[in-house]
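What follows is a short report on a single structure.
The values are calculated or read from the model by the stated rules, or taken from the named source; none is laboratory data. Worth saying up front: this structure is predicted, and the values here are computed from it rather than measured. Positions of Cβ are backbone-derived with ideal geometry, glycine not excepted, and every protein chain shown enters the neighbour counts. Keep in mind that these areas ignore ligands, DNA and RNA; they rest on the heavy atoms of the full protein, side chains included. Shrake-Rupley method; radii C 1.70, N 1.55, O 1.52, S 1.80 Å.
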Amino acid sequence: MAEYVKIERDGAILCLTFDRPEKKNALTGAMYLAAAEALITADREESIGAILIGGSGGAFTAGNDIADFLQFGGEPGEFPAFAFIKTLAASQTPLIAAIEGPAIGIGATMILHCDLAYVAPDATFRMPFVDLGLVPEAASSLLLPRRIGMAKASEFLLLGEPFGAQEAVRLGLANAIVAADRLRPFAIERAKWIAAKPREAIQATRRLLRGDVQEIRARIEEEARLFAGALQSAEARAAFAAFLSKPKPA
Ligand code: COA
């Protein structure tokens, strides 16, 4: 188990928990690789029927670690986030998200690849790619307008507007709001429900629901190429530096 990612079993459920609460579970390269590895293991392991994705300390994830963005060398293939995204989009195992607190950047776009998502009342989503001088990832530029319409997708991806639990449910991005103290047991119960169903029928139905995988994969690649280029830009590097030099409260 990698540092900052907890992988646990609860019967047929694999629980993947981002566990870096002091940094709001911001994702490092090692965390992406550990998470991708868990998804691959789940696909291979017949006894795993669903994956629960969550975060510890009252946060889902604040997205990619911004210090890691600054260190990125240039080729999309070198960036662990893209390996994770590709694995996530190709996962055969049902994915259930339990989201509390901030779900920023990939924390928000990940939901588009989950089959079911349950949110605590304080869940806050934001896709601030443009504000950081970046472009959307995880095929969100394709899947988000498809799911919620172009008008809302433009508010979230161009304006970077935040939205909460109620809006997520209203727009069909999440299934239900569940009190924070019941969120994880509730999501696990749903995950167990799916895991108990015939495996091949579930996998085939997921494939049908997802539609054209090639199209999604192609969009992930296109976004990754633009994203990797943008990471080197002066405007992105200035935005990262501004975040990292934010004064700490006294
Ligand atoms: N990368 C690196 N560090 C991060 C981080 C990130 N994405 N998000 C939060 N952190 C760190 C903060 O720097 C802070 O570290 P410090 O205690 O050493 O100063 C710690 O996590 C707590 O964050 P803080 O901003 O103090 O908490 P908050 O409750 O006021 O706000 C967020 C939480 C998530 C709203 C805010 O941290 C945020 O906007 N983070 C950046 C999100 C982002 O832009 N992600 C990239 C998307 S592409």
#### Entry: Where a residue in the stretch 35-55 is over 17 Å from residue 189 (Cα atoms) and its partner, wherever it lies, is part of a helix (DSSP H, G or I), with Cβ under 6 Å and at least six apart
35/84; 36/83; 36/84; 36/87; 39/87
### Neighbours by Cβ (under 8 Å, 6+ apart or cross-chain): first from the stretch 1-23, more than 17 Å from residue 46 (Cβ to Cβ) and assigned to a strand (DSSP E or B); second at pLDDT 95 or above and basic (Lys, Arg)
15/6; 15/9; 16/6; 17/6
### Query
Do any strands (runs of 3 or more DSSP E) entirely within the stretch 67-122 hold 1 or more residues that are open to solvent by less than 10 Å² (accessible area, probe 1.4 Å) and within 15 Å of the ligand (Cβ to nearest atom), and if so, which?
95-99, 102-104
### Query
Which pairs have Cβ atoms under 6 Å, sit 6 or more apart or on different chains, and link a residue in the stretch 96-111 that is farther than 19 Å from residue 14 by Cβ and at pLDDT below 95 to one that is among the β-branched types (Val, Ile, Thr) and surrounded by 24 or more Cβ atoms within 10 Å (Cβ to Cβ)?
none
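Yes or no, residue by residue, for (1) open to solvent by less than 40 Å² (accessible area, probe 1.4 Å); (2) over 19 Å from the mean Cα position of the chain (by Cα):
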{"site": "171", "(1), (2)": "yes, no"}
{"site": "183", "(1), (2)": "yes, no"}
{"site": "191", "(1), (2)": "yes, no"}
{"site": "196", "(1), (2)": "no, yes"}
{"site": "205", "(1), (2)": "no, yes"}
{"site": "209", "(1), (2)": "no, no"}
{"site": "214", "(1), (2)": "no, yes"}
{"site": "221", "(1), (2)": "no, no"}
{"site": "235", "(1), (2)": "no, yes"}
### Message
Tell me yes or no: at least one residue of the stretch 203-214 is within 16 Å of the ligand (Cβ to nearest atom) and among the polar types (S, T, N, Q).
### Response
no
### Query
Mind checking whether some residue in the stretch 184-200 is in a helix (DSSP H, G or I) and touching a helix residue (DSSP H, G or I) at 6+ places or on another chain (Cβ under 6 Å)?
no
